Structures are given as C-alpha cells and as structure tokens.
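Asker: Can you read through this structure? Questions will come right after.
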Amino acid sequence: MSSQRVLNSSFRALAVGGSMSMGSWLYQENIGRSPESRNTSPDPNRTVGVLASTSAVDSDTAGNMIQESLFSILPRPNITMMDAAPYSKTHDRDEATKPTRTITYDFVIVGSGSAGQSALGTLKEKCPSARIAVIDPVRLATGKEGRSVDHYKETATGFNPKLKTVQFMDDTSTQLKYRYGILLATGSRGAPPPLELFQTSALPRVFELRTTELLGNSMKRPVLAPEHVRRAMLGSTSKGAKVAILGSGWDALDLACVISKQGRRKPTMVFGSQGPAWNILPQYLSSELRKRLVKRGVDIQDRSIVRYIADIDYLKTKKIEMHTAKSYDLLDTRRTVLDMVVLAPDSFGNKGTAALPTRQIPEKMKESGDGRPWYKTWAQLAKTDDLEPSMIACFEGDGRVVVNSELCAASRVYAAGSVAKYPNSATGSSAIAGE
C-alpha cells in the first residue's frame, strides 16, 4: 500500500480540536468575522488507520465525513480555486536568510492543541518508530513524548508543499522536511482586540484565551496557551484576585464556572449579546443559563460594550479599571475595578478565523502597523511564487483550510480541528472539523 493511501486512511477521522469555541465579542458581536536524526522509518503496513481510532470523533461525525463529498468529482492534486491573497507577496527569503540546515522527519505536526495532541498520541501508538516534529510557539513539551518526538517552540511562517519543507519565523537558518505527511492543526481564534481600548500600561494584565499576538511583541502583551491562561486565572482568583471575562461562548462560560466554584472572588462577564451563548443556544436555554450564573454569584453585564481599560493605583495596589456602557444607552455607564481581564472573542462557526499572526507586513502597511502583527492564511503562507497559485486553498471569509472528507488539503498535506472545513454531504454545506 502506498504511503499516500496509508495517510488518506489515517487522517480520515481526525476531526477534533474545535470543541472549545469562544464567546460573543464584547464590543461588536460580529467582529469575529474579520480577518494559522534517525534513519529508521515507519513501517507503512503498520500505519494503516493511524488516526482513525481517535476517540474524539463520534460515529455520526465519522460517518458523515466518509460519505460521498463534493471533492469526489474534483481532481485531487493542487486545489487552488479559492486561493486569495489580494496584496500578499511571496515569502522568498534573501540569500543571507535562507535556511542552511535541514532536519528530516517522517511526520510534522504544526500546532499542539487538541487535534495535534490526538494525532501525536495515535502516531506514537501505531507507528512507534516514526520520527515526529511538533511545532507550537506557546506550548512546551511535557517530557512524556519520548525520544522520537522533537518539539520546536517556534512559529511556522514558511511552508512549501512541493519541497515538503517548513520554515520558522525566528530561527531562519533551520527548516524541517517531512517524508510522509504534515498536519496543520493551528486552530482558530477570534478577532484581534482594538488596542485603542487599552492603556498601554494595562496590557500586561490583559490575557487572551486564544492569542492573536506573537511572542516577544512590542506591546508586551502576554502570549500563553489556553490551558495556561485558565491555570493562571484559577490560581489568582483563589488568592482573592478579581477577574473579568469578556465574552460569552463556551470557553468564557467554562472559565466563569470554574472560577465561581473554586475562586475566592466571583468573576465578571461582559458581552454584547442579550444572554450567554446567545448565538449558539435557543433563547430559553440562554436565559436559563444566565439565571444559573447569577445564582453562582457571577456578575453579568450583558448588552454592554467596553469603552476603555486603564491602569490605576487603587488602595496602594496596582489595579486596572474597566469602563463599560450599555449598547442601547451609552449614558448608562459602569466602572469596575479589576486585577486581570481575559479576552474570549467568538470563534465558533464562521465567526472565527484561522489566519495566523506573522511579521510579514506589507511595506505600505508597516508605518501604520503600530507594532501589530500581520495575519495570513495557510494559502498565503504556502504560496511560493507570485505567478503560480498556492497548493493550499482557504475559504475567503474565515481563512480555514479547504479539505475533503479525508481531511486532505493537498498531496501529503492534512488539516484537522477548527482550522479546517470539509464538505458535509448530509447538510449540503461546509462544516468545521470538530464542531
């Protein structure tokens, strides 16, 4: 059996990673629509069904994905019909910055979230001799992966499907090469927060559940993995810190429930909709959920927008103050004194985006960038020539990778989790993997 057929079977059921979707964005409900060595090799005979056994996919989801899809009538290679990069330039490097060292692996996984960890665990189980590389800028190795797995705390900003290579943002002298396949599992995120709403000195106390920033950013904004943000908030509230959660989706609700149960001080939730999970749940369920949160002591500020967040000295202690106003009456304002703020913008469904923050800012935008990153889709990152289309196709609205029912985006390239969309023949429309 060829390696390509083996991988097609392996990645068929890997539709995970989108179970934690974020809440309503506080200052504009739909803003989330705005703009991802050893010589031993695995035994191909043992790689069959490498990822089909993952428990994160139920039988109904797997059955729908295996059904006849729109891609069954299209040619498999080089899906390029939706490659859209209006003013993006190629990321060809100068001679001085071209990679001088190439490290070859059997598999490369970009992203170490739910989908990435599921793929890694199953690959290790079914193909223990495989050499695997995991790339994630905010998650560290756990130490339990074994010697056959290498972790790179880097951001992948160069991807050449033809040469099967991946380049890094910071370590430009090194590139990775894969033999059998690469999995894109970088997830999705909400809209970047408007920095005009924050005093610069208050930004170190503002966290994002799904970061839209880069490590070492000039604004000194903290960049952490979602699980690290939750752990930090729980530890702080258990010592008496006051936290505000901006959003009302699944991630925001989960964090609010945990803090209200285990923390010494109850959290504040601020969102622009009429109730929690308003765009996800029926109205009566959203109303009932709101009642239960209030009963737990959660301070609910619904139909509210954030006017400004500033750094203050409160009782000889550094705090931040948040000024909010009702969306239907801007004169109805409120001031809340806090220790930290957690941003949980909506990334559920088409409101999220799979575009990734990069430093590849167009020349005409650098002057007005104010140190903020530039966002690119995987179609733009995989574009190697201005005269040729990208081998990776992405949806124009949210930047998610176009995959077929086997989660294949191109030859030996797969995408899983909320970064990918596949055609669902049961509904007649595209569906986000894992949601």
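The values are calculated or read from the model by the stated rules, or taken from the named source; none is laboratory data. Please read these numbers as outputs of a predicted model, since none were measured by experiment. Heads up, the Cβs are rebuilt from the backbone with ideal geometry, glycines too, and the neighbour counts pull from every protein chain shown. These area figures cover heavy atoms from the full protein model, side chains too; ligands, DNA and RNA do not enter into them. Shrake-Rupley method; radii C 1.70, N 1.55, O 1.52, S 1.80 Å.
Asker: Starting from the stretch 329-350, keep only residues that are on the phi < 0 side of the Ramachandran plot, then list their pairs with residues that are part of a strand (DSSP E or B) and of a type in the set (Lys, Arg) whose Cβ atoms are within a distance under 6 Å, requiring at least 6 positions of separation or different chains.
Answerer: 332/326; 337/319; 347/189
Here's the yes/no breakdown for (1) in contact with a Leu (Cβ under 7 Å, 6 or more places away or on another chain); (2) open to solvent by 10 Å² or more (accessible area, probe 1.4 Å):
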{"site": "350", "(1), (2)": "no, yes"}
{"site": "367", "(1), (2)": "no, yes"}
{"site": "391", "(1), (2)": "no, yes"}
{"site": "398", "(1), (2)": "no, no"}
{"site": "407", "(1), (2)": "yes, no"}
{"site": "410", "(1), (2)": "no, no"}
{"site": "418", "(1), (2)": "no, no"}
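Asker: Restricting to the stretch 352-365, name every residue that is open to solvent by less than 10 Å² (accessible area, probe 1.4 Å) and part of a strand (DSSP E or B).
Answerer: 353, 358
Asker: Every residue in the stretch 394-420 that is over 18 Å from the mean Cα position of the chain (by Cα) and assigned to a loop (DSSP other than H, G, I, E, B), please.
Answerer: Listed by number, the residues that qualify are 404, 405, 406, 411, 412.
Asker: Also, I was wondering about something else. Can you name the residue in the stretch 292-323 that is farther than 13 Å from residue 205 by Cβ and among the basic types (Lys, Arg) and is also surrounded by the fewest Cβ atoms within 10 Å (Cβ to Cβ) among such residues?
Answerer: 316
Asker: Another question about this same structure. Between a first residue in the stretch 236-251 that is more than 21 Å from residue 292 (Cβ to Cβ) and a second residue that is open to solvent by 10 Å² or more (accessible area, probe 1.4 Å) and part of a helix (DSSP H, G or I), which pairs have beta carbons less than 8 Å apart while being 6 or more apart in sequence or on different chains?
Answerer: Close Cβ pairs (under 8 Å, with a partner that is open to solvent by 10 Å² or more (accessible area, probe 1.4 Å) and part of a helix (DSSP H, G or I)) amount to 238/262.
Asker: Could you name every one of the strands (runs of 3 or more DSSP E) located completely within the stretch 134-208 that has at least 3 residues being closer than 15 Å to residue 378 by Cβ?
Answerer: It comes to 156-160, 165-168, 174-184.
Asker: Can you pull out every residue in the stretch 383-418 that is of a type in the set (Val, Ile, Thr), under 13 Å from residue 159 (Cβ atoms) and modelled with pLDDT of 90 or more? Steps first, answer last, please.
Answerer: Just the residues of the stretch 383-418 that are of a type in the set (Val, Ile, Thr), to begin with: 384, 392, 401-403, 413.
If we keep only those that are under 13 Å from residue 159 (Cβ atoms) as well, we get 384, 392, 401, 413.
If the condition is that a residue be of a type in the set (Val, Ile, Thr), under 13 Å from residue 159 (Cβ atoms) and modelled with pLDDT of 90 or more, then 392, 401, 413 are the ones that fit.
Asker: Among the candidates 235, 249, 240, 275, which residue alone is within 26 Å of residue 357 (Cβ to Cβ) and of a type in the set (Gly, Ala, Ser)?
Answerer: Only one candidate passes the filter, namely 249.
Asker: Filter the stretch 370-386 down to residues that are within 20 Å of residue 165 (Cβ to Cβ) and not charged (D, E, K, R) and give me whichever is most open to solvent (accessible area, probe 1.4 Å).
Answerer: Per the criteria, the residue is 384.
Asker: Moving to a separate point now. Quick check on my filter: what residues within the stretch 147-192 are open to solvent by less than 40 Å² (accessible area, probe 1.4 Å) and aliphatic (A, V, I, L, M)?
Answerer: Of everything in the stretch 147-192, those that are open to solvent by less than 40 Å² (accessible area, probe 1.4 Å) and aliphatic (A, V, I, L, M) turn out to be 149, 156, 166, 169, 176, 182, 183, 184, 185, 191.
Asker: Among residues belonging to the stretch 284-298 that are part of a helix (DSSP H, G or I) and of a type outside the set (A, V, I, L, M, F, W, C), point out the one that is nearest to the chain's Cα centre (by Cα).
Answerer: Checked the stretch 284-298; the qualifying residue nearest to the chain's Cα centre (by Cα) is 286.
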